[in-house]
Each structure stands twice: as structure tokens, then as C-alpha cells.
Amino acid sequence: MKIEKTALAGTVESSDIQFTLSASDNGIQIDLDSPVKDLYGKQIIQVIEDTLKAYNIESVKVKAIDKGALDCVIKARLVTAIQRSLGMDEPNWEVL
Amino acid sequence: MEVREIDLHVKRNFDRWHSFLIEHGISGFAPQETAAIDRTFIWNEAGQIIATGSIAGNILKYIAIDDAYQNGGAMFNQVVSKLMNEAAQLGRFHLFVFTKPKYIKSFSYVGFHLLAEVEDGAVLETGTPDINDYLDQLPKINDQHDKKIAAIVMNANPFTLGHRYLVEKASRENDSVYVFVVSQDVSLFKFDERFKLVKAGTEDLKNVIVVPGKEYMVSYATFPAYFLKDDQNVGRFQAKLDAELFKNKIAAPLNITRRYLGSEPYSKTTDVYNDELSKVLPPEVEVRIIERKKNVGGKIITATQVREAIQRDDLSMIKNFVPETTFDFIKENIGLLKDRF
């Protein structure tokens, strides 16, 4: 699946993360901005990739501004952004 | 604490908001600035405003937070988050902010990237598509970094023989020329029309690349200056900011080493603008100011005169000022154009 419609979810408040998804012309592109990138960047990107995979998304530009979010928050915010982009009302429970 | 949206058309709301901002060092409330506001939010605590922020088009404006509630930036992050989410609901994902240099850090912390900074102010952007996306999608030239590349920024309202003269000269003197057409739609000719006419009028020049300037080129007409002191020269400030942006974010990555400008005998604004560009751009980007072309009768060619002639229905005069491509368009659409005045 491809992300076509730009969507935003989350905030830039402490312990949160803000995602902006938009169309990509080159597969999955992840741009992560985080104060803990050196320590946890790999882990955060892993969560993002897994969540995209669960929704079968193969093409998207992901901009993430992290403010120290836990994995569950990262996943929840990304799921919301994906749903907003795809115009879905309910999460894809089976894959979560 | 509660956050709510207020309607600034209600005088009582406006007055409260206005006095809160004045207390917090924001002083410019020109009617054209406040009229451009789409949404305004306030944060209340015990009946007092403690923070506010507004959205105007794709610009976040009038952000202020009471010192007692700064809380290490947490309140600021909350205000910006709220504005970004509201803007997203309006379908606006690419946002700008104009602010004092001392707040660059705060905005960078919430994901904004600096586009240009001068002594009195700075412009930052966030979201998507950003300036890197813009640069990525511009047409490139083979071995761009070994070539002599020039740039011209024009509004071309509409494209005249004067513009053509400038482009031709740059085309002759360089390997390639980027012509950036101002995207802002505040002119008689709409962007699509201006862009089309520049393309059509330069089609025979093979080393000329016509591209839209988007938000990154001479949008100084709408650069807000509301945080400046009244006695500062707004035009100069805006021109300086625009010149810095062009030099560092456009010219450097594209290897543009020359910028061509038309001399400006009539418009003070453009004159100030040329003056600031000449100060900021060199030595990295050489500025070449080219004398205006005169038509057969010895008159200087300006787009202003063409627009006046349209209003007067004076097609024979227009013919002396514009290339055939522009003339054909005007002739076909003169009724429509006159209706826009």
C-alpha cells in the first residue's frame, strides 16, 4: 500500500512524538528527529518499520519529531497518522 | 487550564488578546496582519490568558506565553503542538514561523528548521514538503557543480520584452539559467498564467529552466513584520531575509553563482530590494544589475505600463512592450483581465 494523503498525528510535548506522513517516490523514507537518537534511534525506527509493515505500507515519507516517547506511544501515534491518511475509522485490530 | 478558540471579530475578545500580546512584547497590529488570521487559540488559567497562538494561512503567528507559565518550554511545546494539529486539520502541513532570533532554539526544538536569519528576525519552516523536497524536484543540469549557473527571480506580471532581455543576457553569459517565477498570487496575472507566459516566452533558449519560486522566493509582500519595532524599515528587513534565504538555501546547493537583476528607476520597494541583494549575496553570488531595456520609442519597458494599457484597452501599445506569446494571451483574455481590476 502507498501513502498518498498527507496526515499528522501526535504532539511535540514531552514524552510524545509527532508524525507527519506524506507520499514518497522512493519506498519508505524515515526522517527521525530525537534528543535520544544516539541511544534509541535504532529502536524507534524499528517500531516505525514494524507498524508500517503491519499495515502493508511500502511507500511513505515519515517525518518523526520525537520528544522521548515510549514504544507504545510511538506505535499509537503512528497508527493514528496512518488511519488519518488512509481515511480509516478504526484501527486494524488484527495486525496490532 | 483550558484552551479554546476565540473569534477576534468580537471586539471584547480582540481587546483582551491584543493587550495580552502587547504586555508580552508583540506590538505590530496592522489591519492587514490581523485580517489574515484564520484561527486564534487562548489558554486560560483562573480567568486570565496565559498563552496564545494563531494560524494565518500557513504561518504560525502571534505566539506568546506568560513568563509565570513558561515551565521550561512545556507550555510553548503545547501551544505549537495545538497549532500544528489545527493547521493539519485545515490541510496545512507545511508551516512557517517568523520570529525573533532568540526564539530560534525553541522552534528548532519542536522540529522547525531555520531558513534565514538576520539581526532582527528569522524565518523557520516545518512539515512537508520542505525546502529539501523543493530542491530535489527542481530540474538539474549535468555536472551542475562545474557549470556557470545564474538565477533570475521574477514576478513577470506579465512577461515583457524587458524580462526577455534580462533572460537572454543571462542565457548568453552562463551555461544555464534558473528563472524562478514568484508563486504568490497577489498580482493581476495569476501564477499559472505568469508561469506559462515566462515558459512560452523563453522556450527557444535551451539553457533556461523556468521553475516556480514557491514560498522561498520574494514572498516579501507577505513577510510579516509584526514583531519589529515601528521605526524599523520593514522593507529592508524583509529584503535582507529573502536575500539570506536565497544565498544559503537556494544558490549554494544549486551552485548558482550569479544573480541578474533589472535596474529599478521607478519602484522604491524594488530599489531597496536590489540594494539589499547587492549587500548580502556577494562574494558567493555575484550580482549583475542590468540596465532596463528601452523599446523602439526609447521608453523603458515595465510590466506596470502593460497593466495600465490593459485597463485602457490599448492593445497597440501593449504590442510594443511584450513578446508575441504574451501579446496573444492578453488579446485573447483582455475582457477577463480588465474585470480583475
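Go through the residues of segment B:78-85 one by one and say whether even a single one is more than 10 Å from every other protein chain (Cβ to nearest Cβ), open to solvent by 40 Å² or more (accessible area, probe 1.4 Å) and either charged (D, E, K, R) or not in a helix (DSSP H, G or I) (or both). No. Listed by first and then second residue, the pairs linking a residue in segment B:302-318 that is in a loop (DSSP other than H, G, I, E, B) to a residue that is surrounded by fewer than 19 Cβ atoms within 10 Å (Cβ to Cβ) and of a type in the set (S, T, N, Q), with Cβ atoms under 9 Å apart and 6 or more places separating them unless they lie on different chains, are B:Thr302/B:Ser267.
Could you tell me whether segment B:49-67 includes any residue that is exposed (fewer than 12 other Cβ atoms within 10 Å of the Cβ) and among the aliphatic types (A, V, I, L, M)?
Quick first cut of segment B:49-67, residues exposed (fewer than 12 other Cβ atoms within 10 Å of the Cβ) only: B:67.
In the following step, the residues that additionally are among the aliphatic types (A, V, I, L, M) were identified as none.
No, segment B:49-67 has no match at all.
Residues in segment B:54-77 that are part of a helix (DSSP H, G or I), among the polar types (S, T, N, Q) and either in contact with a Lys or Arg (Cβ under 9 Å, 6 or more places away or on another chain) or more than 14 Å from chain A (Cβ to nearest Cβ) (or both): 1 in all. Pairing residues of segment B:265-279 that are free of Cβ contacts under 8 Å to residues at least 40 places away in the same chain with residues that are among the polar types (S, T, N, Q), at Cβ distances under 7 Å and at least 6 apart in sequence or on separate chains, gives B:Tyr266/B:Thr302.
Restricting attention to segment B:1-19, which residues are assigned to a strand (DSSP E or B) and open to solvent by less than 50 Å² (accessible area, probe 1.4 Å)? Selection gives B:Ile6 alone.
If I filter segment B:263-275 for residues that are open to solvent by 30 Å² or more (accessible area, probe 1.4 Å) and under 22 Å from B:Val211 (Cα atoms), do I get at least one hit? Checked segment B:263-275: at least one residue is open to solvent by 30 Å² or more (accessible area, probe 1.4 Å) and under 22 Å from B:Val211 (Cα atoms).
Which is in the same structural domain as B:Thr302 (by TED's automatic domain parsing), open to solvent by less than 30 Å² (accessible area, probe 1.4 Å), out of contact with any His (no Cβ under 7 Å at 6 or more places or on another chain) and closer than 27 Å to B:Ser278 by Cβ, of B:Val177, B:Val123, B:Val186?
Details: B:Val123 fails: in the same structural domain as B:Thr302 (by TED's automatic domain parsing); B:Val186 fails: open to solvent by less than 30 Å² (accessible area, probe 1.4 Å).
Going through B:Val177, B:Val123, B:Val186 in turn, just one is in the same structural domain as B:Thr302 (by TED's automatic domain parsing), open to solvent by less than 30 Å² (accessible area, probe 1.4 Å), out of contact with any His (no Cβ under 7 Å at 6 or more places or on another chain) and closer than 27 Å to B:Ser278 by Cβ: B:Val177.
When segment B:86-102 is filtered for residues that are in contact (Cβ under 8 Å) with a residue 12 or more places away in the chain, more than 19 Å from B:Asp242 (Cβ to Cβ) and either away from every other protein chain (no Cβ under 14 Å) or open to solvent by 20 Å² or more (accessible area, probe 1.4 Å) (or both), the ones remaining, listed by number, are B:Glu86, B:Leu90, B:Arg92, B:Phe93.
When B:Val322 is tested against (1) under 25 Å from B:Asp204 (Cβ atoms); (2) open to solvent by 20 Å² or more (accessible area, probe 1.4 Å), exactly one condition is not met: (2). Tell me yes or no: at least one residue of segment B:37-46 is open to solvent by 20 Å² or more (accessible area, probe 1.4 Å) and within 20 Å of the chain's Cα centre (by Cα). Scanning segment B:37-46 turns up at least one residue that is open to solvent by 20 Å² or more (accessible area, probe 1.4 Å) and within 20 Å of the chain's Cα centre (by Cα). Within segment A:6-52, restricting attention to residues that are exposed (fewer than 13 other Cβ atoms within 10 Å of the Cβ) and in a loop (DSSP other than H, G, I, E, B), the residue that is farthest from the other protein chains (Cβ to nearest Cβ) is A:Gly27.
The values are calculated or read from the model by the stated rules, or taken from the named source; none is laboratory data. For clarity, every value in this text was computed on a predicted model and none was experimentally measured. Please note: Cβ atoms are built from the backbone with ideal geometry, for glycine as well, and neighbour counts cover all protein chains shown. The area values use the complete protein model at the heavy-atom level, side chains included, leaving out ligands, DNA and RNA. Shrake-Rupley method; radii C 1.70, N 1.55, O 1.52, S 1.80 Å.
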